[in-house]
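See below for the structure under consideration.
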Amino acid sequence: MCGISGFIDFKQTSSSKDLQQMTDSLKHRGPDGSGYELFQKSTWQIGLGHRRLSIIDLSETGKQPMRFEHLWITFNGEVYNYAEIKQELIGLNHQFIGHSDTEVILHAFQQWGISCIERFIGMFAFVIYDTSAEKIYCVRDRAGIKPFYYYYQDGLFLFSSELKAFHQHPRFQKKININAVAAFMQFGNVPTPHCIFEHCYKLKPGHFLTFLLQESSYSITKYWDVYDSYNKPKHEISFEEAKIETEKILKSAFDYRMVSDVPVGVFLSGGYDSACVTALLQKDRTEKLKTFTIGVPDIGLNEAPYAKDVAKHLGTEHYEYQCSQAEALELIAELPYFYDEPFADSSAIPTTLVCKMAKKQVTVALSADAGDEIFAGYNRYDYMMKHGKKLNQLPKFLRKSAANLMNVIPAHQIPGFKNQYNFANRYEKLKGLLNDPSAKNMMLSLSKQFTDTQLKQVIKHHFSHIETAYLSHQLLKDHHSPLAYMMAIDYQTYLVDDILQKVDRASMTASLEGREPFLDHRVIEWAAQLPDEYKYYKGSKKHILKEIVHQYVPKSLMDRPKMGFAIPIEKWLTTDLKENVLYYLNDQTIEKQGIFNVNYIQKLKHDFYNGKRELALKLWYALMFQMWYEKWMN
């Protein structure tokens with residue numbers, strides 16, 4: 001895992017210093033070395049920069065940017081099956097000077113062109129400069145594990161693993177995209193392919209960008225799509241056969257993620273996903289895996305006892321770290337730097353802490369993200385399966401009448417419920433679902449923090465809703481089910497823009513490579529075609545995954561409510577973070593920025609501090625934006 005950055009400058013005003021400053025702003029991603037290549041042509045300049053975190057081939061032969069014949073590359077990530085591809089290339093008379101996967105990518109590109117990416121199993125974001133064809137190729141992996149930002153304006157194309165590198169180029173124009181602000185306030189992140197700045201984008205997962213230098217223009221091509229698997233017929237296979245094949249594919253994916261020339265560990269929470277990774281990896285190994293767990297007992301976040309029991313049963317070398325609430329709170333001030341685009345998932349805090357702990361023992365750590373998106377683990381799937389059908393079965397006139405009545409009677413006037421936590425927020429969402437109980441509306445309702453109506457009150461000026469994968473219509477009618485619809489949407493939205501962004505930045509904060517074994521593309525390609533009932537069975541989420549785990553870990557150790565990495569936002573905003581709220585959300589600051597409606601922010605603060613605790617997340621979103629703004633715009 002590394003950091004990449006660079007530019008194409010058709011006005012030829014960039015310098016080697018600009019390239020070095022852009023690249024070195026990513027030093028936390030690659031503290032082990034750096035490389036810079038500047039190409040001066042008659043009508044353009046090209047800069048390729050690289051910060052190295054040495055994982056495979058620790059020698060100088062793994063240094064980047066790397067050249068092979070007429071091809072140059074700067075690469076972030078890992079191609080796990082590089083050894084097999086290398087053997088195939090040797091059979092085609094290719095000769096190698098080192099044993100890095102970077103060199104294999106270059107040779108594969110020379111042999112098969114851009115179609116070589118279809119052979120890769122891994123996580124990757126890379127740029128290849130073909131000096132012969134005068135083309136630049138920018139590629140992002142299928143699931144979007146590795147980030148890739150780009151900017152194009154006024155003859156300047158910038159690219160990087162993180163936005164902060166762009167601020168180091170003197171011609172980068174950091175103008176806020178108000179539509180992206182609106183999206184952030186709803187989703188807690190800026191959805192792909194959009195960015196918080198104008199003229200700036202994220203390359204979509206499963207896509208590559210081709211820049212034709214002679215024409216100073218680019219095009220984007222899709223090479224992989226999760227819907228290609230969801231739109232195939234379901235496997236006609238018994239549950240037992242499906243379980244055996246699923247375990248086989250998972251084991252292959254997990255084993256690939258152990259390929260490394262440096263120590264590797266596994267994050268173990270005690271939940272089913274991480275237990276699955278740990279169990280399948282440890283079962284055929286005599287050497288003990290290193291497993292890591294974190295707990296913050298002060299705030300009720302402590303899975304350590306469960307993880308310890310699982311680790312003991314599986315026989316791993318287990319490390320647990322108990323951190324204090326003070327340590328967690330101190331980290332909040334650092335978040336705007338490492339999450340250099342507005343980001344509101346508070347679990348970034350414990351995720352960063354566990355990465356810092358793991359780095360003391362290993363350089364690579366396997367995470368267990370995406371088990372929920374692939375095998376139906378989220379509570380919202382439960383909600384949809386249990387209540388969606390019932391809502392749709394209600395006669396339309398009854399639903400509309402109930403919604404109209406709720407419009408007349410506000411939440412705070414409902415006796416017996418008005419004091420329940422988050423009742424007002426749930427009340428508003430229920431109104432929307434009564435008007436439209438479709439899977440699409442349910443997905444949006446459960447994913448948004450601010451409703452469309454509230455958003456118009458929050459944002460001061462006119463904005464437009466940006467196009468996102470939340471509105472995808474790619475799931476064909478013949479293969480449509482509410483569960484498949486929600487899981488496919490999550491795979492392209494919440495997974496990419498929340499979970500993967502969180503883990504990438506948290507691990508890179510500690511210069512730790514985070515690997516995602518569930519995100520081997522072969523896993524989702526197989527699981528998408530499994531019958532829904534193999535994933536969600538009689539109210540049991542992740543049914544097939546649980547049955548695999550129960551072969552190695554007793555059900556008695558696993559059967560408990562899902563905890564997650566939630567932190568007590570409501571409590572913190574009323575105590576330790578109240579000063580932050582008063583500082584960052586004061587009237588003068590809000591008025592000067594001209595983004596939010598001062599009266600709405602005033603009311604939000606007033607209502608929250610006068611008992612409406614269900615507004616905590618809305619206030620947190622506003623606070624996270626303001627902290628980001630002060631760091632990067634002032």
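The values are calculated or read from the model by the stated rules, or taken from the named source; none is laboratory data. Everything quoted here is computed from the prediction, not taken from an experiment. Virtual Cβ from ideal backbone geometry, glycine too; neighbours counted across all protein chains shown.
Structural remarks
- Within region 113-149, being outside any strand (DSSP E or B) and under 26 Å from residue 502 (Cα atoms) holds for 117, 120, 121, 141, 142, 143, 144, 145, 146, 147, 148.
- The conditions of being buried (at least 18 other Cβ atoms within 10 Å of the Cβ), touching a helix residue (DSSP H, G or I) at 6+ places or on another chain (Cβ under 7 Å) and among the β-branched types (Val, Ile, Thr) are not met by residue 496.
- Checked against the criterion of being under 21 Å from the mean Cα position of the chain (by Cα), under 21 Å from residue 352 (Cα atoms) and not basic (Lys, Arg), the candidates 277, 262 yield just one match: 277.
- Yes/no for residue 39 being in contact with a Lys or Arg (Cβ under 8 Å, 6 or more places away or on another chain) and surrounded by fewer than 16 Cβ atoms within 10 Å (Cβ to Cβ): no
- Residue 269 fulfils the conditions (1) in a loop (DSSP other than H, G, I, E, B); (2) surrounded by fewer than 22 Cβ atoms within 10 Å (Cβ to Cβ); (3) polar (S, T, N, Q); (4) touching a helix residue (DSSP H, G or I) at 6+ places or on another chain (Cβ under 9 Å) except for a single criterion, (2).
Residue-wise test of (1) within 24 Å of residue 522 (Cα to Cα); (2) surrounded by 23 or more Cβ atoms within 10 Å (Cβ to Cβ); (3) in contact (Cβ under 8 Å) with a residue 60 or more places away in the chain.
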| site | (1), (2), (3) |
| --- | --- |
| 149 | no, yes, no |
| 180 | no, no, yes |
| 200 | no, yes, no |
| 210 | no, no, yes |
| 216 | no, no, yes |
| 236 | yes, no, no |
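- Residue within region 287-302 that is under 30 Å from residue 485 (Cβ atoms) and aromatic (Phe, Trp, Tyr) present: no
- One residue stands out among those in region 542-556 that are outside any loop (DSSP other than H, G, I, E, B) and over 28 Å from the mean Cα position of the chain (by Cα): the one that is modelled with the highest pLDDT, which is 555.
- Check on residue 110, farther than 26 Å from residue 343 by Cβ and not in a strand (DSSP E or B): yes
- Top-ranked residue of region 27-83 - restricted to ones that are assigned to a loop (DSSP other than H, G, I, E, B) and under 22 Å from residue 208 (Cβ atoms), ranked as modelled with the lowest pLDDT: 64
Listed here are the residues, each with its yes/no results for (1) at pLDDT below 95; (2) assigned by TED's automatic domain parsing to the domain that holds residue 522; (3) buried (at least 18 other Cβ atoms within 10 Å of the Cβ).
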{"residue": "167", "(1), (2), (3)": "no, no, no"}
{"residue": "171", "(1), (2), (3)": "no, no, no"}
{"residue": "187", "(1), (2), (3)": "no, no, yes"}
{"residue": "245", "(1), (2), (3)": "no, yes, no"}
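- All positions within region 60-83 that are surrounded by fewer than 20 Cβ atoms within 10 Å (Cβ to Cβ) and touching a Lys or Arg at 6+ places or on another chain (Cβ under 9 Å): 63, 81
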